[in-house]
Amino acid sequence: MKKSVEEHAARFDEKASEYDDSKQEEYLACANLVIEHAAPGPDDVVLDLGTGTGAIALALAPDAARAVGRDISDGMMAEARAKADDEGLANVEFAYGTFREPEYGDDVDIVTSNFAMHHLSDEEKREAIDVIAGLGPQRFVLGDVMFFGEPDPGEPFYSPDVDDPATVGVLADALTDAGFSLTAVERVHEQVGVLVAERARDATESGDDK
């Protein structure tokens, strides 16, 4: 991680009130794919890591039993809670948590994340994916800055001073090593994509992969 958790939190606190209005077309396309692939049922619990202003959690909450958001920025989560109140959603909650310490110990069926994990180093991403696998979800949907080709800071979505994206191959290996099977790869941009990873329900229930 090129900045500390506290530095990232402060940076996003400053952006919180304008964050939703600053998103590019590719970001929105990525978020829509994460929502489409997450596809919770009425009995599913969704955990959205790096939830930001809650776009993913709030979109999935109406179709899920419960949606839980975790983030490091109080400002972003304040925006998320305000939107949940405006939409009258009672089955969604937001609290502090990181990828490697999500502060969540209940059952979860689906984990999602959009445009957040790229702040971690490759080794930190691997640790985070191991933690996510240990929670026992059947599905993990990751939308993020990721490299399908050679990294290019001249292209959008990659600022080397604060970002540390991985290649698709590095992410795929980490997911496989954690016990997931990669079931879909969606390329939104040369430097943006969505990965869908799943495990058989009997494996998640038995805890063999934990």
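The values are calculated or read from the model by the stated rules, or taken from the named source; none is laboratory data. In this text, all values refer to a predicted model and were calculated from it rather than measured experimentally. Quick reminder, even Gly has a Cβ in these numbers, built from the backbone with ideal geometry, and neighbours come from all protein chains shown. Each accessible area value is taken on the protein alone, full model and side chains, heavy atoms only, with ligands, DNA and RNA left out. Shrake-Rupley method; radii C 1.70, N 1.55, O 1.52, S 1.80 Å.
Among the residues of region 170-193, is there at least one that is hydroxyl-bearing (Ser, Thr, Tyr), modelled with pLDDT of 95 or more and either within 22 Å of Ile72 (Cα to Cα) or assigned to a strand (DSSP E or B) (or both)? Give the steps one after another, and end with the answer.
Going through region 170-193, the residues hydroxyl-bearing (Ser, Thr, Tyr) turn out to be 176, 181, 183.
From what's left, modelled with pLDDT of 95 or more: 176, 181, 183.
Among the residues that remain, those that are also either within 22 Å of Ile72 (Cα to Cα) or assigned to a strand (DSSP E or B) (or both) are: 181, 183.
The answer is yes, given that some residue of region 170-193 is hydroxyl-bearing (Ser, Thr, Tyr), modelled with pLDDT of 95 or more and either within 22 Å of Ile72 (Cα to Cα) or assigned to a strand (DSSP E or B) (or both).
Go through (1) more than 28 Å from Glu14 (Cβ to Cβ); (2) open to solvent by 30 Å² or more (accessible area, probe 1.4 Å); (3) in contact (Cβ under 8 Å) with a residue 60 or more places away in the chain; (4) not hydrophobic (A, V, I, L, M, F, W, C) and name the single condition Gly88 misses.
Just one mismatch for Gly88, condition (3).
Looking at region 95-137, which of its residues are among the aliphatic types (A, V, I, L, M) and within 28 Å of Lys23 (Cα to Cα)?
Selection gives Ala95, Ile110, Val111, Ala116, Met117, Leu120, Ala128, Ile129, Ile132.
Give the residue, chosen from Ala9, Ala57, Ala65, Ala61, that is over 28 Å from Glu190 (Cα atoms) and surrounded by 17 or more Cβ atoms within 10 Å (Cβ to Cβ).
When all the criteria are applied, what remains is Ala61.
Return the residues of region 119-151 that are open to solvent by less than 20 Å² (accessible area, probe 1.4 Å), in contact with a Phe, Trp or Tyr (Cβ under 9 Å, 6 or more places away or on another chain) and closer than 14 Å to Ala174 by Cα; say none if nothing qualifies.
Within region 119-151, Leu120, Lys125, Ala128, Ile129, Ile132, Ala133, Phe140 qualify.
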